[in-house]
Structures are given as C-alpha cells and as structure tokens.
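Have a look at the structure below, then the notes.
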Amino acid sequence: MKILIVTQYFYPERFRINELSQELKKRGHDVVVFTGKPNYPHGKYYEGYSFFKPKHDSWNNTEIYRVPIFPRGHSSVGMILNYLSFWFFGCMKIHKMSEFAPDIIYVFETSPITCCMPAIRLKKKTGIPVIMNVQDLWPENVIAITGIKNKLIVSMLEKLVRYIYLNCDLLLAASRRFVPNIQARLPQIAIEQNKVKYWPQFSVLEADCYKVHCNKEYFDIIFTGNLGEGQGLDLIIDAANQMRESGIRWILVGDGRHRISLEKRVKELHLEEQVLFWGSRPEKEIPKLLYSADAALLILKKSPIFEMTIPAKLQTYLACGMPILGCVEGESKELIMEAKAGVVTGEISVAELKNKALYLSKLDKSCLQEYSSNGYQYGKETFCIDCLMEQLEEEMRGLCNV
C-alpha cells in the first residue's frame, strides 16, 4: 500500500509515529510523511530548520514533506499560533500529496486535533479514506491543560471535533475508555458500522529483564517523558520535601514546558540531592536509564480526561520489566493492577505518593522482581507490536480495497 502519514510532529521530534512509520516500511509499504517544521518541546526550530526551509527531507529512507509552521515558544499564544499554522499551511500544501497518489491517509492525532484538517481536505478532493489514531481527546484535553471554561470556546471546539470525527473513515482509540467518548459524538449509523476501535500504542524499545540492585545508597524512582503541566510532577517535589531522610531519590528524564519551574522549586527547597533532572535523552538510552533505577513512576494530574488516558511510557515500563509506582486513576491504574506490575496510590495526592514510595522502597527484592516479571509478561501479551501492526494493516486494506 501507499500510505500518507499526516502528523504535526515527526522526527527529529520524539513521538511514537516515528517508529510506526518504520514498522510500516519494514512490512513493504510505501510511506510518505506530511508534517511541520520540528520545534517540540523546546519551542524553537531544530538546528537546520526555519520557517522557509527545508521543504523536503528524509529519515531512514522515508520521504518527508514539511509545511511551514510557527514555533510554539513558551506561551499560550505561541502554542495557539503553532496549532493554527499547521492547519492553515497544511491545508494550503496538502494538494501536492496527490502526486504520491496514496491508497490511505493515516493521521497521528496527539494534540492538536486540528492536525487532521489537511488530511480531510485531501480526502474531500480525492476520496482517499482517512484513519485517525486518537491519542488525545478534545475538547477535554484542552480544558484539563488550560482550564478554559468559556462556553462559547468549548462549544466551538466541540463542533470542530464532531466535524473531524464525522469526516474520518476509521477512528482508532489509544485507550478503551476513549471509545464510548468518541462514539457519543457520532451518529448511530457510524457506531453500527464499527467506526471506532480500540488500538493501543506498542512499545518500541527492546525488552530486557529487570535486574534487582543491591547495596545501593538510594532507592531510585525514575520518571521518563514530557515534563508538562498534565503530569502533576509538583507532587514529586512536595513528597521529596516531606521525606528528605527516606533514602529515596526521584529522577526525571525528559524535557518540557514545566521543567524550568520544577527545577526552580527544587533549588528553592534545597532538594538537589533528592530530585534529579537528567534532561532529554535518546530513545535508545531509555532502557539503560530505567535499569539504573529501582522503580518507574507513572503519574498524571487528577482529571476526568486523564482517567481515560494511557501514557505511552506505560508500555515502555512494562516492556523493560520495571516495577511501577502509579499515581494515576482510571485506565492506567486498572492496567497496572491487572498486570500486577507494581503498586498504585489510593488517590492522587502527596500523602499517597509518599506512602507508596516508602512501601516500595522497603519491599523485599523478590517482590520487586515479581512485579518486574508480571509486567514484562503482560506487556508482551497485551501490547505485542506484531499483533497490533497486523491489525492496523488489515484495517487499512479493508478501507482502500488493496
């Protein structure tokens, strides 16, 4: 098949769509990517990129067509302009993809949902079917992150979401709890046609067996990924401040808009020995970093939308066999408990995070090893990359009759 991937984010930005494109190529498909100029998460263009150039490049023999977008910067206005520019310039430039003559359009939808608009424009001109992989629910995600409550704005976003959902041929939900939410915005006939399906993310890292650490000075709990507002990482600092002599260290690997304020709080509270920032690291280094710690942290702010979300790092933790400390609710909490891969807090709070961290740190090493083995096996069976890719290929063939 000839597959056109439409995504606002792509290599050198680090998102799961990078690995998905390579998996599709491994399976013999012709893949072209339509995306923006890389600027996430630092809010400025990556070296070698600008508003005007380059328009084309490639990565691992995958052709990439880039449209100009405004870098997101570090303000809400900058982020909005970033979102709108991909929508505007994407719709202006998408017609050039007609030369590629794709059989199917695959949209990777992590915020903003407007990244799907260029794909819908191409569909209306050519009739090429569109699959959208829903990673973030709108407008719920916007409300949770920004706190927007203006009824007019929320109503406009709701209409936009319904329009996008209606114009996609298949909606793949990254979480089981996304499915009824998406279906509620569709007519009954679309539900009867099974237009919404659960399709979780897979882990892209090579799995290994977790090794128990002995005679360490600290019990290290590691978090990997985006240091953003939605993660609720302030709870870590508050917990560390209340348990300075516990022998527990919190290690944050990654970058994001919230990192500067987090580092500032750590310095103000003199917690540099308890909370460490290791910065953004290449994907291939993540397993080694995880194995250097004793447990991995999965945390999200308390919000109805985050109760439906499965962060991609959960699959990574499972694939690497890491005992998990979950400070989450809803879908993610259920998965950790179902996998018997670690412990979860009774609620999202400093007190609970502190108590469960202390509990983990005092466990016998054999218990940690059992969490490790359980999680690894569960991830292998539930998020199998070959099974999920075969399912995706089958869905694609069904829509484009190839």
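Residue-level analysis places residue 326 among those that are of a type outside the set (A, V, I, L, M) and in contact with a strand residue (DSSP E or B) (Cβ under 8 Å, 6 or more places away or on another chain).
Residues to consider are 392, 399, 363, 358; find the one that is more than 20 Å from residue 335 (Cβ to Cβ) and not in a helix (DSSP H, G or I). Quick ask: steps written out before the conclusion?
Details: 392 fails: not in a helix (DSSP H, G or I); 399 fails: not in a helix (DSSP H, G or I); 358 fails: not in a helix (DSSP H, G or I).
The conditions single out 363.
Go over the candidates 15, 86 one by one and state the one that is at pLDDT 95 or above and within 21 Å of the chain's Cα centre (by Cα). None of the others qualify; the one that does is 86.
What are the residues in region 63-80 that are surrounded by fewer than 17 Cβ atoms within 10 Å (Cβ to Cβ) and of a type outside the set (D, E, K, R), if any? Result: 73, 74, 75, 76, 77, 78, 80. Sub-7 Å Cβ pairs linking a first residue in region 35-55 that is in a loop (DSSP other than H, G, I, E, B) and open to solvent by less than 60 Å² (accessible area, probe 1.4 Å) to a second residue that is of a type in the set (A, V, I, L, M) and at pLDDT 90 or above, at least 6 apart or interchain, are 37/69, ordered by first then second residue. When region 1-29 is filtered for residues that are in a strand (DSSP E or B) and surrounded by 21 or more Cβ atoms within 10 Å (Cβ to Cβ), the ones remaining, listed by number, are 3, 4, 5, 6. Filtering 182, 143 for residues that are touching a strand residue (DSSP E or B) at 6+ places or on another chain (Cβ under 6 Å) and within 30 Å of residue 315 (Cα to Cα) leaves a single hit, 182. Taking region 81-130 as the search range and keeping residues that are of a type in the set (Phe, Trp, Tyr) and part of a helix (DSSP H, G or I), which one is most open to solvent (accessible area, probe 1.4 Å)? Filtering region 81-130 for residues that are of a type in the set (Phe, Trp, Tyr) and part of a helix (DSSP H, G or I), the one most open to solvent (accessible area, probe 1.4 Å) comes out as 88. Screening region 192-235 for residues that are in a helix (DSSP H, G or I) and modelled with pLDDT of 80 or more and picking the one that is most open to solvent (accessible area, probe 1.4 Å) gives 192.
With 297, 353, 290 as the choices, which residue is in contact with a strand residue (DSSP E or B) (Cβ under 7 Å, 6 or more places away or on another chain), touching a residue at least 40 places away in the same chain (Cβ under 8 Å) and not in a helix (DSSP H, G or I)?
Details: 353 fails: not in a helix (DSSP H, G or I); 290 fails: not in a helix (DSSP H, G or I).
Only one candidate passes the filter, namely 297.
The values are calculated or read from the model by the stated rules, or taken from the named source; none is laboratory data. Every value quoted in this text rests on a predicted model; they were computed, and no experiment measured them. Note that we place each Cβ from the backbone using ideal geometry, even for glycine, and neighbour counts take in every protein chain shown. Just the protein is used for accessible areas: all its heavy atoms, side chains included, with ligands, DNA and RNA removed. Shrake-Rupley method; radii C 1.70, N 1.55, O 1.52, S 1.80 Å.
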